[in-house]
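A.B. asks: Got a structure for you, questions after.
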Amino acid sequence: MKRKLIALLCALAATPAAAESYVPVMDKDTFVSLIEGRQLRHGFYPITLTVSENGQIEGRAIGWDITGSWDWQDGYFCRDLIWGGDPLGYNCQLVEVRNDGRMRFTVDRGAGNSAAFRLQ
């Protein structure tokens, strides 16, 4: 697991262009190593999320609580969320990272809209 993370970080730091590029996170172990003990914070909207390695999601977004669960399937982060009491449904998302501490989630297995967060 640590070797995968080191390889990913080296690839991110390889060139100046890589600093601006997102790199896909392809496996659960790498994803967990990136989010473990950290929060995801949106840069523009007041959204803070904690994604635990045990499959739980907690946070707040625009004044309402978020709860949910997640798992990893076929290279995608699949989550089921409730926001302010309303179910958002199950969706599998492409996860990508940059070496500046940003993580981007793209819905519908990478075919839909994206949201970028800062890992803190």
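A.B. asks: Using 0.36 nm times the number of residues separating Asn113 and Ser52, minus their current alpha carbon distance, what extension gain do you get? Don't jump to the answer; show the numbers that get you there.
C.D. replies: Numbers: separation 61, 0.36 × 61 = 21.96 nm, distance 2.33 nm.
Using 0.36 nm per residue and subtracting the Cα-Cα distance, I get 19.6 nm.
A.B. asks: Residues with beta-carbon under 10 Å from that of Ser52, excluding Ser52: net charge, scoring Lys, Arg +1 and Asp, Glu -1? Don't jump to the answer; show the numbers that get you there.
C.D. replies: Details: positive: none; negative: Glu36, Glu53, Glu58.
Summing Lys and Arg as +1 and Asp and Glu as -1 gives -3.
A.B. asks: Between Leu88 and Thr67, what is the label-to-label distance in nm when each label sits 7 Å out along the Cα-to-Cβ direction?
C.D. replies: In this crude spin-label approximation the distance works out to 1.6 nm.
Just so you know, all these numbers are worked out from the coordinates, no wet-lab data involved. Every value quoted in this text rests on a predicted model; they were computed, and no experiment measured them. Neighbour counts are summed over all protein chains in view; Cβ atoms, including those assigned to glycine, are modelled from backbone coordinates with ideal geometry.
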